[in-house]
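The values are calculated or read from the model by the stated rules, or taken from the named source; none is laboratory data. Predicted model only: the values in this text are computed from it and were never measured. Methodologically, a virtual Cβ is constructed for each residue, glycine included, from the backbone with ideal geometry; neighbour enumeration extends over all protein chains shown. For accessibility, only protein heavy atoms count, side chains too; no ligands or nucleic acids. Shrake-Rupley method; radii C 1.70, N 1.55, O 1.52, S 1.80 Å.
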2 protein chains.
Amino acid sequence: MSLTEFQRIARFFKPLSDGFPGAFGLGDDAAAFTPPAGQEVVITTDAMTEGVHFMRKQGVQSIAARLMRSNLSDLAAKGAEPYAYLLTTALPKDVEDDWLQVFSQTLAEDQKRYGGFLIGGDSIRTEGLITLSITMLGLVPKGQLMRRKTKHEVTASSNLSVYVSGTIGDSALGLKLTQGQKFPGLSPEDENYLKQRHLKPEPRLDVAKAIRPFAKACIDISDGLVADVGHIAQQSNAEIMLQAEKIPLSNVTKKLCNSQPDLFETVITGGEDYELAFVVEATEESLLTIAASKVNAPLTKIGTLRAGKAGDVQVLDKQGSIIPLKHGGWTHF
Amino acid sequence: MSLTEFQRIARFFKPLSDGFPGAFGLGDDAAAFTPPAGQEVVITTDAMTEGVHFMRKQGVQSIAARLMRSNLSDLAAKGAEPYAYLLTTALPKDVEDDWLQVFSQTLAEDQKRYGGFLIGGDSIRTEGLITLSITMLGLVPKGQLMRRKTKHEVTASSNLSVYVSGTIGDSALGLKLTQGQKFPGLSPEDENYLKQRHLKPEPRLDVAKAIRPFAKACIDISDGLVADVGHIAQQSNAEIMLQAEKIPLSNVTKKLCNSQPDLFETVITGGEDYELAFVVEATEESLLTIAASKVNAPLTKIGTLRAGKAGDVQVLDKQGSIIPLKHGGWTHF
């Protein structure tokens with residue numbers, strides 16, 4: 001016997017609003033809040049649909065976690081901390097209460113881990129496929145909002161370094177594994193590591209908090225490293241040079257790239273790393289040591305942002321030669 | 001030649017963000033804002049999907065307007081004024097640029113008419129049906145937020161009247177007409193009036209602003225008059241008695257109900273009127289005259305809210321007898 005819509009909300013979602021008075025227990029037309037003094041509100045939304053962004057067979061836990069964490073990663077990119085979110089589900093009839101129970105439980109675990117409360121949403125039936133979206137609100141101390149665009153204009157005398165958190169490319173390779181692709185030489189542990197990096201990404205909220213006092217620009221890597229630093233370059237009216245050998249890779253990904261060098265392009269252009277790429281003034285790089293001591297992920301310098309052709313990204317090998325990428329690097333639009 | 005996703009955003013949606021600096025021209029991971037001093041933020045989200053909430057053949061203008069206005073109506077229910085919104089579209093491949101152009105143009109017209117700016121969103125491809133959602137932010141002066149729940153507990157000595165704006169039932173009858181149902185005795189103008197009430201509802205933002213200083217509870221009628229005043233009754237731990245002959249009907253709907261009395265149940269239980277139902281203390285009813293002079297819709301007393309069985313709604317005829325409704329009135333859950 002399936003629950004009614006009201007019952008589903010009451011059982012699975014109302015508990016996720018406990019602790020946020022303005023959510024009104026999800027029993028009203030809207031939620032209400034006043035952000036704490038000195039904080040700016042950040043708002044973002046990310047949607048996912050079956051067959052395009054996920055397969056139902058990948059499991060409801062991963063679907064819920066990726067939905068939540070892609071939004072959390074957008075907050076991280078801005079230097080914001082989770083405050084509240086709204087959830088919209090469009091579900092076909094064959095999605096059972098069991099599915100929703102695990103879905104909401106996963107959201108509950110992520111709320112506990114990262115912060116934030118469910119404060120509203122909409123649940124609709126669809127004749128089509130599962131479509132999910134979260135609109136997430138975060139808070140950032142005034143003046144510490146990071147943007148894709150650098151805080152100051154990039155000029156010929158600018159001395160700006162590009163950094164990245166964690167390791168790059170694991171998620172793209174993990175996706176290939178979940179799609180059934182095989183890579184020779186990987187242990188089951190290696191495979192599992194890569195898959196988990198795709199199925200349960202880690203939003204870099206701690207990195208964001210540590211770097212936001214001094215970082216000059218930031219983005220989360222969802223479209224792929226080259227594309228996303230391209231967004232910084234585009235918005236900052238400047239160009240980015242990356243040094244291929246500096247790009248941090250996990251041991252597993254390093255191993256794969258050594259045996260199959262053509263995978264390197266997948267690594268630097270594949271999506272959903274959910275690491276942060278950010279820009280620091282060379283004179284302030286000493287602040288990174290302190291920042292690095294506060295976070296679990298390495299912070300690695302991978303290149304420079306400098307005056308040049310807006311939006312251009314070039315990846316250089318050890319000899320300083322441009323590595324040709326299939327699309328000749330990234331051009332915005 | 002179809003536009004890319006980036007081009008679509010740049011052409012159709014970016015212009016809708018002009019005037020809201022924290023939207024960053026839709027070129028960042030998230031938007032940012034600080035609400036003006038003395039204002040509380042209200043947030044709501046409403047989703048619609050093809051085949052359930054709309055048919056593609058009803059026309060993109062109506063789809064866009066209903067999406068926008070159902071959200072605006074939720075703001076109105078809270079006494080809030082439009083501030084900003086995020087739009088998520090999940091579109092199948094056969095949705096052309098032309099469709100999006102009219103869609104965005106309709107949103108632009110509504111922004112101009114009601115206020116608010118597009119500050120973010122997500123555009124995804126789907127293998128399924130069109131699914132659309134808006135998350136809308138509004139502002140309400142602190143202390144003037146209206147809720148479904150009355151501001152004070154309802155006791156035996158409470159003297160509370162239930163009012164409604166505009167006319168009830170036009171949208172439900174208009175929906176039947178758009179679905180091909182025929183009602184004898186309607187002129188083409190009558191039919192058009194009812195259809196438009198469904199296809200282009202009017203969110204009662206002006207009514208909300210006029211009543212929010214003194215109204216004790218409020219809801220917008222989206223699920224149907226009886227169900228929605230039932231939400232007020234439920235949340236206020238009280239019961240509502242409505243007087244059938246007081247429920248305001250348009251001339252067309254009155255004419256139809258006279259010739260087909262069984263339509264009256266459709267009128268009071270059908271959805272999407274997007275009128276406001278609200279509660280006023282009897283001692284403050286004089287304030288309604290001033291409020292009524294500020295708005296274009298009539299404000300009509302239709303019943304009372306009083307201590308009793310929580311969530312009960314009864315509709316009485318002229319003789320004071322309970323009119324039996326198919327579901328025996330409305331019971332929440």
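Okay, here's what the table says:
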read-out: Residue among B:Arg113, B:Arg147 that alone is open to solvent by 40 Å² or more (accessible area, probe 1.4 Å), in contact with a Cys (Cβ under 9 Å, 6 or more places away or on another chain) and either at pLDDT 95 or above or on the phi > 0 side of the Ramachandran plot (or both); value: B:Arg147
read-out: Boolean, B:Glu281 is over 19 Å from the mean Cα position of the chain (by Cα), crowded, with 16+ Cβ neighbours inside 10 Å and among the acidic types (Asp, Glu); value: yes
read-out: Test: residue in the stretch A:139-153 that is of a type in the set (Asp, Glu), more than 9 Å from chain B (Cβ to nearest Cβ), out of contact with any strand residue (DSSP E or B) (no Cβ under 9 Å at 6 or more places or on another chain) and over 30 Å from A:Lys93 (Cα atoms); value: yes
read-out: Among residues of the stretch B:87-110, those that are surrounded by 19 or more Cβ atoms within 10 Å (Cβ to Cβ), over 18 Å from the mean Cα position of the chain (by Cα) and closer than 14 Å to B:Lys14 by Cβ, counted; value: 2
read-out: Selection count where residues are charged (D, E, K, R) and more than 7 Å from chain B (Cβ to nearest Cβ), scope the stretch A:9-40; value: 3
read-out: Options A:Ala10, A:Ala37: the member that is in a helix (DSSP H, G or I), farther than 22 Å from A:Arg69 by Cα, open to solvent by 20 Å² or more (accessible area, probe 1.4 Å) and of a type outside the set (Asp, Glu); value: A:Ala10
read-out: Boolean, A:Glu127 is open to solvent by 20 Å² or more (accessible area, probe 1.4 Å), facing chain B (nearest Cβ under 9 Å) and either over 18 Å from A:Cys218 (Cα atoms) or not aliphatic (A, V, I, L, M) (or both); value: yes
read-out: Answer residue from the stretch B:251-271, given it is part of a loop (DSSP other than H, G, I, E, B) and either in contact with a Phe, Trp or Tyr (Cβ under 9 Å, 6 or more places away or on another chain) or within 14 Å of chain A (Cβ to nearest Cβ) (or both) and is most open to solvent (accessible area, probe 1.4 Å) among those; value: B:Gln260
read-out: Qualifying residues in the stretch A:191-250 (those that are open to solvent by 10 Å² or more (accessible area, probe 1.4 Å) and part of a strand (DSSP E or B)) - the one farthest from the other protein chains (Cβ to nearest Cβ); value: A:Gln243
read-out: Yes/no for B:Ser133 being more than 14 Å from chain A (Cβ to nearest Cβ), open to solvent by less than 20 Å² (accessible area, probe 1.4 Å) and under 28 Å from A:His53 (Cβ atoms); value: no
read-out: Verdict on A:Phe6 being over 17 Å from A:Leu139 (Cα atoms), more than 8 Å from chain B (Cβ to nearest Cβ) and among the aromatic types (Phe, Trp, Tyr); value: no
read-out: In the stretch A:160-171, the residues that are touching a Ser or Thr at 6+ places or on another chain (Cβ under 6 Å), crowded, with 24+ Cβ neighbours inside 10 Å and not in a strand (DSSP E or B); value: A:Gly169, A:Asp170
read-out: Selected residue (criterion: least open to solvent (accessible area, probe 1.4 Å)) from residues of the stretch A:49-62 that are in contact with a helix residue (DSSP H, G or I) (Cβ under 7 Å, 6 or more places away or on another chain) and hydrophobic (A, V, I, L, M, F, W, C); value: A:Phe54
read-out: Any hit, the stretch B:46-65, residues being modelled with pLDDT of 95 or more and touching a Pro at 6+ places or on another chain (Cβ under 9 Å); value: yes
read-out: Residues that are in a loop (DSSP other than H, G, I, E, B) and at negative phi, drawn from the stretch A:172-188; value: A:Gln179, A:Gln181, A:Lys182, A:Phe183, A:Pro184, A:Leu186, A:Ser187
read-out: Criterion (aliphatic (A, V, I, L, M), more than 12 Å from chain B (Cβ to nearest Cβ) and under 24 Å from the mean Cα position of the chain (by Cα)) met by exactly one of A:Ile43, A:Ile63; value: A:Ile63
read-out: Only one of B:Phe24, B:Phe13 that is touching a residue at least 60 places away in the same chain (Cβ under 8 Å) and of a type outside the set (Asp, Glu); value: B:Phe13
read-out: Any pair with Cβ under 6 angstrom, 6 or more apart, that starts in the stretch B:219-243 at a residue that is farther than 18 Å from B:Pro203 by Cβ and ends at one that is part of a helix (DSSP H, G or I) and open to solvent by less than 10 Å² (accessible area, probe 1.4 Å); value: B:Val226/B:Ile268; B:Glu239/B:Ala233; B:Ile240/B:Val229; B:Ile240/B:Ala233
read-out: Single condition B:Ala156 does not satisfy, out of (1) under 21 Å from the mean Cα position of the chain (by Cα); (2) more than 19 Å from B:Val267 (Cα to Cα); value: (1)
